[in-house]
Amino acid sequence: MKIAELIFILLLAAAAIAIYYRSLLTMRAARWQQLTQEELMGSCESIGFIGCSIITHDIFTIKEIEPLLSSAYQRYELIVLLNGLQHRSELLQIIKHYHLTRVNHTLPHDNTSGVNSLYRSTCRTYRRLVVMDCSKTDIFSAINTAINFASYDYIIPLQPHTALLPHAIERIATTLSDSAHRDIELIYNDTLAPCCVFQRDGVISHEGITPDIIQRIPKKAILRSDTALTYRTDRQDFHLPTLFFCASILLLGIGVAYFISIPAALAYGLTWGLATIASIHVLRQWSAPDCSVRTILYQIRNLTIFFRQIKFNIS
Amino acid sequence: MSVLYILYVMVVGAMILHLTVVSHFKSSAHSALYKRYTANLIATLFNKNSTTTIITSSRHQRNTLIEAIHSLTTHTYDSQREVIKRVVKENNLQEHIFRLLRHASSLQKCRLLTLLSSINLENKTHISIIKKYLHCHNHNIRSHALITLIAAKPTELIPTISSLNFELQPTDTARIITLIRQGTLCVVIEPLLESNNRNLQMLALAIVRSFGIDIADKHLLQIVASSQCSTLVEDAIYTLTALKRPLKYRIIKERLAEASEQQRKKLCRHLSVEGYSIQSIRALLSSEECHDARLLITSYKRQLSQSQTP
């Protein structure tokens, strides 16, 4: 029993160190970003000609599109994928609000491309917005079609109900402009919400965006960043798998610890306290607009980041 | 076993304490003091003859005062240097930062060097210490030391940059442009463009782009024609596009032929975003390479034959 207790304490200590280390990493990244942002604020040019095209889908309201258009960075655009047949009234509303006009595209008007129409705004204020009426049901192939119309070299497929943090594009450009990062094909971060920044040519060479694209990119071409880029906006929506994951870890751990000894159970509880506080600390560091229980649970789940493989999920 | 538990509780307790109480206390006390110092500095700047003095007594207060000075100088154009100098001297802030620099981590060093760039460094010993950081193995520290040095001696921009033994990154040039926009630095562009130093030319190209200096055409074409550095040639071509200049010159086509396929594709997309016609892109690149550009350029145009509603 003594050996089991010793192993249990060592495991808890490893978990506590990992949690604390991750908090320090994000704290350091947040401070570094704050420092560089202040310095680069006065320069009006896009850093190293880095441009980003954000591709998003399943957003139907102006309220959801507006925050994605608010970045002050010069070289970025937003491509919204919508199925005009299923969501006709929403598409009409967006067209009216942003003064969109149908533009040409050379892809065939059939099922292979899936593109029904492409819209850009006649109003200069909204020059960064592109709306693609696409009838494809598979979201990955719709995104791959949208890449054809993307103007810039880096692609950010964004999940619905996700928004960019202020200065997120500037952060990406600062990171990518460094000559040491010239061959990076993917920047991955899931500090507040999962976010992938793909290099366009990398995506094309790996035959487009697919659920297992990250596994196909060489590890040396992946940069795991501690800098938060996006956050979730659907704070009311409680994510059951995350809740189930956290609850099962908590209950299983308490059960095992209680079986070993009562002090072990208390030590386990203390580690959970550290995990919760570390999660809140990370959210505060990035001034996350959403500090709901759901986000805190997501943060706790993220503490296992050192031990799991990163995945690309868009739905 | 109980010793292990006690040790574990103590260590985890210390971690929790650091993440909650210390961080929270630090940030709230810091922000209150920061606001007070900023307000006092603004009041002093508005009234130059004011006798109000800002006196700091602790290390934390000095740090906060330097941050307030830095924030003020970065957010204002050509601030009253004499007033800031007086506040710095009264509180012995230069010595304080140099004391901290000795034992700081790399991130802290960058922060302290940035703060030093807002303070007029005149002491030769201090400047020689900063010069030592230019040879540091960490690029971030080197870069911040360079900015501090340029801010301290703006007239020696050319010798400082030409003596560097590392290549300037786009973030470095952006920081120098920030200094120009703040009024700390005055630059004459011709000597930079005519120089044979790669770093000076990179800086010149960034300045030309940032301020839209359209008289630099001749120099840009000269760089494209004569430079051996591929990054510099690429940057010069991109600068020409930023100025919306025609690219029909033979020398540009020749240099593009030497570039990699990926670089040519990137330029092709860039040209279409910058508003170049498909004809002018075709004059530079092959029709296969123009595929992406054609797709993009076509999508910028309205199809008159179709109705507007879906």
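The values are calculated or read from the model by the stated rules, or taken from the named source; none is laboratory data. Since we're looking at a predicted model, the values are computed, not measured. FYI the Cβ positions are ideal-geometry reconstructions off the backbone, even for glycines, and counts take in every protein chain you see.
Please determine whether any residue of the range B:290-308 is among the acidic types (Asp, Glu) and at pLDDT below 85. So far as the range B:290-308 goes, yes, one or more of its residues are among the acidic types (Asp, Glu) and at pLDDT below 85. Restricting the first member to the range A:140-164 and to residues that are surrounded by fewer than 21 Cβ atoms within 10 Å (Cβ to Cβ), and the second to residues that are in a helix (DSSP H, G or I) and hydroxyl-bearing (Ser, Thr, Tyr), the beta-carbon pairs closer than 9 Å and six or more apart or on different chains are A:Asn148/B:Ser299.
Looking only at strands (runs of 3 or more DSSP E) that lie completely in the range A:73-149, which have at least 1 residues being within 11 Å of chain B (Cβ to nearest Cβ), within 21 Å of A:Lys63 (Cβ to Cβ) and touching an Asp or Glu at 6+ places or on another chain (Cβ under 9 Å)? Spell out how you get there, then give the answer.
Details: elements: A:76-82, A:100-103, A:115-121, A:129-134.
Here the list reads A:76-82, A:115-121, A:129-134.
When you go through A:Ile155, A:Ile184 one by one, which is the residue that is modelled with pLDDT of 85 or more and under 16 Å from the mean Cα position of the chain (by Cα)? Criteria check complete, one pass: A:Ile155. Scanning the range B:201-226 for residues that are under 26 Å from B:Ile119 (Cβ atoms) and among the aliphatic types (A, V, I, L, M) returns B:Leu203, B:Ala206, B:Ile207.
One line per residue, one yes/no per condition, for (1) crowded, with 17+ Cβ neighbours inside 10 Å; (2) in the same structural domain as B:Ser210 (by TED's automatic domain parsing); (3) part of a helix (DSSP H, G or I):
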| position | (1), (2), (3) |
| --- | --- |
| B:Ser118 | yes, no, no |
| B:Thr125 | no, no, yes |
| B:Ile161 | yes, no, yes |
| B:Ile176 | yes, no, yes |
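In the range A:242-261, the residues that are within 29 Å of A:Arg232 (Cα to Cα) form Cβ pairs under 7 Å with partners that are of a type outside the set (Ser, Thr, Tyr), at six or more places apart or across chains, as follows: A:Thr242/A:Leu297; A:Thr242/A:Arg301; A:Leu243/A:Leu297; A:Phe245/A:Arg301; A:Cys246/A:Leu297; A:Cys246/A:Ile300; A:Cys246/A:Arg301; A:Leu250/A:Trp272.
Could you tell me which of the residues B:Leu220, B:Leu205, B:Leu247 is within 33 Å of the chain's Cα centre (by Cα), more than 13 Å from every other protein chain (Cβ to nearest Cβ), crowded, with 18+ Cβ neighbours inside 10 Å and modelled with pLDDT of 90 or more? Steps first, please.
On the way: B:Leu205 fails: more than 13 Å from every other protein chain (Cβ to nearest Cβ); B:Leu247 fails: modelled with pLDDT of 90 or more.
Unique residue meeting the criteria: B:Leu220.
Every listed requirement among (1) in contact with a Leu (Cβ under 8 Å, 6 or more places away or on another chain); (2) part of a helix (DSSP H, G or I) is met by B:Lys266 save one, (1).
Pairs linking a residue in the range A:84-103 that is surrounded by fewer than 16 Cβ atoms within 10 Å (Cβ to Cβ) to a residue that is assigned to a helix (DSSP H, G or I), with Cβ atoms under 6 Å and 6 or more positions apart or on different chains, are A:His97/A:Ile62. Would you pick out the residues in the range B:250-286 that are acidic (Asp, Glu) and within 13 Å of another protein chain (Cβ to nearest Cβ)? Across the range B:250-286, the qualifying residues are B:Glu261, B:Glu274. Checked against the criterion of being within 30 Å of B:Ile147 (Cα to Cα), modelled with pLDDT of 85 or more and not in a helix (DSSP H, G or I), the range A:51-64 has at least one qualifying residue. Criterion applied to B:Ser226, B:Ser230 was being of a type in the set (Ser, Thr, Tyr), surrounded by fewer than 14 Cβ atoms within 10 Å (Cβ to Cβ), outside the structural domain of B:Arg282 (by TED's automatic domain parsing) and free of Cβ contacts under 8 Å to residues at least 24 places away in the same chain, and the one residue passing it is B:Ser226.
Consider B:Ser210 carefully, then state whether it is assigned to a loop (DSSP other than H, G, I, E, B) and of a type in the set (Ser, Thr, Tyr).
No; evaluated as a whole, the condition is false for this residue.
Filter the range A:1-31 down to residues that are touching a residue at least 40 places away in the same chain (Cβ under 8 Å) and more than 9 Å from chain B (Cβ to nearest Cβ), then give me how many there are. Qualifying residue count for the region: 10.
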